[in-house]
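Accompanying notes for the structure given below.
The values are calculated or read from the model by the stated rules, or taken from the named source; none is laboratory data. Keep in mind it's a predicted model, so treat the numbers as computed, not measured. Methodologically, a virtual Cβ is constructed for each residue, glycine included, from the backbone with ideal geometry; neighbour enumeration extends over all protein chains shown.
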Amino acid sequence: MTDRRILSFGSLNYDHVYEMDHFTEPKETQSSLSYIRNFGGKGLNQSIALAKAGTAVFHAGRVGSDGQDFIDYLNRYNVATDYLLKDNNQATGHAIIEICKGQNRIILHGGANQAIDEKQIDEVLSHFNNDDVLLIQNEISNLSCLINKAHNKGMYIVFNVAPMNEKVFSYPLDKVDMFIVNEIEAAGLAKCLSNEIETIIETLKSEFPDKEIVLTVGENGSYYICGEELIHQDAYMVEAIDTTAAGDTFTGFFLASYLQNHCVKAALDLAARASSITVQGKGAAQSIPDIAQL
Ligand code: RIB
């Protein structure tokens, strides 16, 4: 068990999931094969993954007046929700997810996730100190403020750069300790025009020589990069039904294992096994396995 407390400050969404015959084209109307509403959001998924990997985690974030369902859901998996704010003036965030042949397309509406302000950040961070870890993704507002304040406290900052967009370059990235990215996010972050994985890794190394970087590359496994250190882990090959939350599972299980002082290779292996199970189930948080299943 790690003594460091983990604060996962991130998004919570209702995921509206539509199974499709094919991804809807411009000007096309098509009926879905099925519909279900799940709990999701990269922040919530990663908190659940950390908890299912056996780590204590606090989830901070913001939901609308209907947010009690999220609190109950997180509590069911032993995620602490003391710092989750219910905001009657906002709608809970949501995602529209099309699933087709194991792949997905996601439209996000931030809602309450985009109403996180400096006041909330100050209140939450007042409960944490320099031994603690902050995990963030790119689905909430005021990330620059959060990164700056957590860094000033001496917290160790892990940034899963998802989704990658131009806003990321306005954040104080020099204050992040670890990046977790897939190959698309990595290329965007490193401003690398090539899609060759070797070139992406070299560019990441030269752009962020003093950062820890965890890079997932689908069927080609994952890498840990830190200066000249490069560790590779193969992927576990399975048939994917729904890849939603595979990256979130990887992030949660890697971090849980790494912070429990297991070696990087063991942490990558655990994360690869966990996400290979997630892709074999439908939905986001609900498809994340329990440590006992691994
Ligand atoms: O990573 C998957 C998640 O991305 C979904 O649960 C959806 O809510 C979006 O945030």
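Of Glu166, Glu123, Glu118, all but one fail to be of a type in the set (Asp, Glu), without any contact (Cβ under 8 Å) to a residue 24 or more places away in the chain and surrounded by fewer than 16 Cβ atoms within 10 Å (Cβ to Cβ); the exception is Glu166.
Of the residues making up region 215-266, those that are over 19 Å from Asp177 (Cβ atoms), among the hydroxyl-bearing types (Ser, Thr, Tyr) and in contact with a helix residue (DSSP H, G or I) (Cβ under 7 Å, 6 or more places away or on another chain) number 2.
Scoring Ala80 on the criteria (1) closer than 29 Å to Ile291 by Cα; (2) within 17 Å of the chain's Cα centre (by Cα); (3) at pLDDT 95 or above leaves a single failure, condition (2). Which one is nearest to Asn129 (Cα to Cα), of the residues in region 157-182 that are aliphatic (A, V, I, L, M) and out of contact with any strand residue (DSSP E or B) (no Cβ under 7 Å at 6 or more places or on another chain)? So the residue we want is Leu173.
The rows are residues; the columns are (1) in contact (Cβ under 8 Å) with a residue 60 or more places away in the chain; (2) assigned to a helix (DSSP H, G or I).
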site	(1), (2)
Ala240	yes, no
Thr244	yes, no
Asp248	yes, yes
His262	no, no
Ala266	no, yes
Ala272	no, yes
Gln286	yes, yes
Ala292	no, yes
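Any residue that is surrounded by fewer than 17 Cβ atoms within 10 Å (Cβ to Cβ), within 16 Å of the ligand (Cβ to nearest atom) and either polar (S, T, N, Q) or touching a residue at least 60 places away in the same chain (Cβ under 8 Å) (or both) - is there at least one of those in region 175-192? No, that holds for no residue. For beta carbons closer than 7 Å, sequence separation of 6+ or different chains, a first residue in region 89-103 that is within 19 Å of Ser11 (Cα to Cα) and a second that is more than 11 Å from the ligand (Cβ to nearest atom) and among the basic types (Lys, Arg), the qualifying pairs are Gln90/Arg62. Return yes when Lys101 is on the phi > 0 side of the Ramachandran plot, more than 16 Å from the ligand (Cβ to nearest atom), surrounded by fewer than 23 Cβ atoms within 10 Å (Cβ to Cβ) and at pLDDT below 95 and no when it is not. Yes. When the test is whether a residue is in contact with an Asp or Glu (Cβ under 6 Å, 6 or more places away or on another chain), in contact (Cβ under 8 Å) with a residue 12 or more places away in the chain and either of a type outside the set (D, E, K, R) or buried (at least 22 other Cβ atoms within 10 Å of the Cβ) (or both), Ala235 passes it. Within region 72-82, the presence of a residue that is away from the ligand (no atom under 15 Å from the Cβ), in a helix (DSSP H, G or I) and touching a Lys or Arg at 6+ places or on another chain (Cβ under 9 Å) is excluded.
Screening Ser31 against (1) out of contact with any helix residue (DSSP H, G or I) (no Cβ under 7 Å at 6 or more places or on another chain); (2) closer than 26 Å to Lys175 by Cα; (3) not β-branched (Val, Ile, Thr) leaves a single unmet condition, (2).
The rows are residues; the columns are (1) on the phi > 0 side of the Ramachandran plot; (2) assigned to a loop (DSSP other than H, G, I, E, B); (3) within 16 Å of the ligand (Cβ to nearest atom).
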{"site": "Asp3", "(1), (2), (3)": "no, yes, no"}
{"site": "Leu7", "(1), (2), (3)": "no, no, no"}
{"site": "Ser11", "(1), (2), (3)": "no, yes, yes"}
{"site": "Tyr14", "(1), (2), (3)": "no, no, yes"}
{"site": "His22", "(1), (2), (3)": "no, yes, no"}
{"site": "Arg62", "(1), (2), (3)": "no, no, yes"}
{"site": "Ser65", "(1), (2), (3)": "no, yes, no"}
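Of all residues being assigned to a loop (DSSP other than H, G, I, E, B) and either β-branched (Val, Ile, Thr) or surrounded by 23 or more Cβ atoms within 10 Å (Cβ to Cβ) (or both) in region 24-37, which is nearest to the ligand (Cβ to nearest atom)? Just the residue, please. The selected residue is Thr24. Restricting region 234-258 to residues that are within 16 Å of Gly281 (Cβ to Cβ) and touching a Leu at 6+ places or on another chain (Cβ under 8 Å), which is farthest from the ligand (Cβ to nearest atom)? For region 234-258, the residue satisfying everything is Phe253.
The set of residues in region 38-60 being of a type in the set (A, V, I, L, M, F, W, C), in a helix (DSSP H, G or I) and within 14 Å of the ligand (Cβ to nearest atom) consists of Leu44, Ile48, Ala49.
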